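Asker: Provided herewith is a single structure, encoded as structure tokens, for subsequent inquiry.
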Amino acid sequence: MPFPKQFGGNTKEILTTWRESILDKHKDDDESDEIYCNDPLLIIEYNRLGLTSRNISEYDVAQVIRTTPGKKFKVMPFPKQFGGNTKEILTTWRESILDKHKDDDESDEIYCNDPLLIIEYNRLGLTSRNISEYDVAQVIRTTPGYVPFPNASHPFQSNSVIAFNDLQALENAINQLFLNYNNLLLNLNHPIIGRVYVVIFQKSGTFEACERSNIFG
């Protein structure tokens, strides 16, 4: 069923993601239950002039909703492949990154220029090489040009979720992982170290996530 024509392309993409998540949540519901999923979505198609005239941003409006007393705010769910600890760290990073960009000029890009590199580790892959998650993360952190976001003492340092100040630095780090651990390149036959993902948040609070294939394989 198509979404209303009034919805912009970005809104439709976000709604498609939510639809899959909500329907998956209710797939095992008793057929005798209500026909509606009890997970309504509030959508705002913003008018740039209206925001500019009030000197406010989409983030400011959304914060009014998020801080509504008694409201249990649902954020866009992270992919199922992410473990519980990874999701907790990502939730913390989301708030930190969005807070950093809350005063950005509305004419800027819709994306926050602070991508996250995520590794869901495979214990067998680490053990077979006699290395730890820390060892793999250090390959990333010692990549030339890598600058921790927002600084080296950030309390959310993690070996599985690492933030960057720009996309090129992230790509350089992924290349270092490939050069150091790729089975085919090194003529090895170990279990893979894990799966690699890139997450980029949008200033609306949503995100895009993609898996980078064949980094360790």
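The values are calculated or read from the model by the stated rules, or taken from the named source; none is laboratory data. Please read these numbers as outputs of a predicted model, since none were measured by experiment. Reconstructed Cβ throughout: ideal geometry from the backbone, glycine too, with neighbour counts over all protein chains shown.
Asker: Could you tell me whether Asp99 is more than 15 Å from Phe201 (Cβ to Cβ), modelled with pLDDT under 75 and outside any loop (DSSP other than H, G, I, E, B)? Working first, answer last.
Answerer: On the way: more than 15 Å from Phe201 (Cβ to Cβ): no; modelled with pLDDT under 75: yes; outside any loop (DSSP other than H, G, I, E, B): yes.
Against the criterion (more than 15 Å from Phe201 (Cβ to Cβ), modelled with pLDDT under 75 and outside any loop (DSSP other than H, G, I, E, B)), Asp99 does not qualify.
Asker: Determine which single condition Thr52 fails, assuming it passes every other condition in (1) hydroxyl-bearing (Ser, Thr, Tyr); (2) modelled with pLDDT of 80 or more; (3) in contact with a Lys or Arg (Cβ under 7 Å, 6 or more places away or on another chain).
Answerer: Going through the list (1) hydroxyl-bearing (Ser, Thr, Tyr); (2) modelled with pLDDT of 80 or more; (3) in contact with a Lys or Arg (Cβ under 7 Å, 6 or more places away or on another chain), Thr52 breaks only (3).
Asker: For the stretch 2-10, state whether one or more residues are within 27 Å of Phe201 (Cα to Cα), modelled with pLDDT under 70 and in a helix (DSSP H, G or I).
Answerer: Within the stretch 2-10, one or more residues are within 27 Å of Phe201 (Cα to Cα), modelled with pLDDT under 70 and in a helix (DSSP H, G or I).
Asker: What number of residues within the stretch 187-207 satisfy the criterion of being assigned to a strand (DSSP E or B) and over 16 Å from Ile89 (Cα atoms)?
Answerer: Step one: of the stretch 187-207, the residues assigned to a strand (DSSP E or B) are 194-202, 207.
From what is left, the residues that are over 16 Å from Ile89 (Cα atoms) are 194-195, 202.
Number satisfying all stated conditions: 3.
Asker: If Asp114 satisfies every condition in (1) surrounded by 13 or more Cβ atoms within 10 Å (Cβ to Cβ); (2) in contact with a helix residue (DSSP H, G or I) (Cβ under 7 Å, 6 or more places away or on another chain); (3) modelled with pLDDT under 75 but one, which is the exception?
Answerer: (3)
Asker: Hey, any hits in the stretch 66-87 for a residue that's surrounded by 13 or more Cβ atoms within 10 Å (Cβ to Cβ), at pLDDT 70 or above, part of a helix (DSSP H, G or I) and under 13 Å from the mean Cα position of the chain (by Cα)?
Answerer: yes
Asker: If you go through the stretch 137-151, how many residues are in a loop (DSSP other than H, G, I, E, B) and either at pLDDT 90 or above or under 16 Å from Pro115 (Cα atoms) (or both)?
Answerer: Narrowing the stretch 137-151 to residues in a loop (DSSP other than H, G, I, E, B): 142-151.
Retained after the next criterion (residues that are either at pLDDT 90 or above or under 16 Å from Pro115 (Cα atoms) (or both)): 142-143, 145-151.
Adding up the residues that qualify gives 9.
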